[in-house]
Amino acid sequence: MYTLITGASSWIGKSCAQRFAEKWHNLILMARSIDKLEKISSSLRSEYKIDVLIYKVDVSNASQVENTFKEIEAKNIDINVCINNAGLALWESEFSKMDFQDLNTMMQVNIVWFTQIAHRVLPFLMKNDGHMFNMSSVAGTEPYEGWHVYCASKAYVKMLSKSLRIEAMGTNVRITDIAPGSVETEWFAITRFKWDSAKAKSVYAGYTPLCTDDIVDTIEFCHDRPGHVNIEYIAIMATAQATARRIFKK
Ligand code: 8X3
C-alpha cells in the first residue's frame, strides 16, 4: 500500500512524507520540483527501506496528471492514504486589481488540480478502506481582504470534502478536512508576496505561529483513530490567532 502526497517537495507535504515514512508507509510523492523530490526520496528510501515513487506534475496539464495515474495503475500500485496538500496563495490586493493570471493559477492548483487528484484517488481509497486528507484553511470559513479567490478556493475544498463524505457512506473511507491558520512556511508566505522575503517574514513576527509539525501531528492523530472514527473537520490555529486576521502580535 502507498500513501500519496501532493505538494510533497516542501514544508507540510515534505514533513508528511517524513512522518509517514517513519511509519513505514510506501510513498507516492508529487510536486513541481523533481530535483527536490529526488533528494527527499533517496534519503527516505535509504533510511526507512520503503518504496518511494516520485512524479513531477505540471498542475496546468490535466493529461499529465491522468497519465501519472495510468502509470500507477499499470504498475498495480495501491493507495490507501492521500494527503491532498498542494495549494497556494498568490498576492493580496483588490479583486479587480489582481492579475487574472494569478487568480487563474490559484484556481488551477487549489480547485482544479485538487479535484483531479481527489477524483482519481477515491476509487483506490474505496477499495482499501482508505483515508483522504484535504488541506483547506481557516480561509475556507472566513473571508479576508485581498484574499477573495484564495478564500473561495478553500471553501471549495471544505465543501467537496463534505460532499465526498456522502459518497463514501457505506464504505470504510475516512475523509478529513484539515483547516490550518497561520503556519510558518516560508514557501507559502513567499508566493503570497511574490518573492518579497522581508514581507514574508513579517507575517510571522511578534507571535509564535504554527509550524509544519503541528499540522503533521494533527494528521497523524486523525489517521491513528480507530477505523470507525472519522474526524471530519479540524481547525488548528496558533494560540495568538483568534480569527483569520486577528493575531495578537507583541
Ligand atoms: C492561510 C491561513 O492564517 O495564514 O491558509 O491566512 S492564514
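Observations on the model:
- Alpha-carbon centroids, the range 52-74 and the range 172-250: separation in whole Å: 27 Å
- In this structure, the amide hydrogen of ASP177, modeled 1.01 Å from its nitrogen in the peptide plane, lies closer than 5 angstrom to those of ASN134, TYR233, ILE234, counting only residues at least 5 positions away or on a different chain.
- Å² per residue, accessible surface of the chain at 1.4 Å: 47 Å²
- For the Cα trace of the range 1-134, dividing Rg by the Kirkwood Rh returns an Rg/Rh value of 1.00.
- Relative contact order (%) - criterion: Cα under 8 Å, at least six apart; region: the chain: 18 percent
- At q = 0.17 Å⁻¹, base-10 log of I(q)/I(0) for the chain (Debye sum, equal scatterers on each alpha carbon): -1.40
- For the range 1-150, carbon and sulfur atoms together expose 53% of the accessible surface, with a 1.4 angstrom probe and every protein chain in place.
- Other-chain or far-sequence residues with amide H under 5 Å of LEU27's (modelled H): THR3, ASP51, VAL52, LEU53
- Computed 3J(HN,Hα) for the range 230-238, one whole-Hz value per residue from the Karplus formula 6.51 cos²θ - 1.76 cosθ + 1.60 where θ = phi - 60°, is 10, 6, 7, 8, 9, 9, 10, 10, 5, glycine and proline marked x.
- When the helices of the chain are scored as -39500 (n - 2.57) per DSSP H run of n ≥ 4 and the total is divided over every residue, the value at 222 nm lands at -13500 deg cm²/dmol.
- Applying a threshold of 28 Å to the alpha-carbon distances of LYS154/LYS199; LYS56/LYS97; LYS14/LYS70; LYS162/LYS199 flags LYS56/LYS97; LYS162/LYS199 as lying beyond it.
- Bridgeable aspartates and glutamates around LYS49 (alpha carbons under 20 Å apart, same-chain partners fewer than 8 residues away excluded): GLU22, GLU38, ASP78.
- Karplus (6.51, -1.76, 1.60) ³J(HN,Hα), θ = phi - 60°, over the range 22-38, in Hz, Gly and Pro reported as x: 4, 9, 6, 8, 5, 10, 10, 10, 10, 6, 7, 9, 5, 4, 5, 4, 4
- Once the Cα gyration tensor of the range 187-250 is diagonalised, semi-axes √(5λ) in Å: 29, 14, 10
- Inter-site label distance for ARG32 and LYS199 at 7 Å from Cα along Cβ, in nm: 1.7 nm
- Rough spin-label spacing in nm, given labels placed 7 Å along Cα→Cβ, for SER46 and PHE221: 3.5 nm
The values are calculated or read from the model by the stated rules, or taken from the named source; none is laboratory data. Everything numeric here is computed off the predicted structure, so don't read it as measured data. Don't worry about glycine lacking a Cβ; one is built from the backbone with ideal geometry, like all the others, and counts go over all protein chains shown. SASA here: full protein model, heavy atoms, side chains in, ligands and nucleic acids out. Shrake-Rupley method; radii C 1.70, N 1.55, O 1.52, S 1.80 Å.
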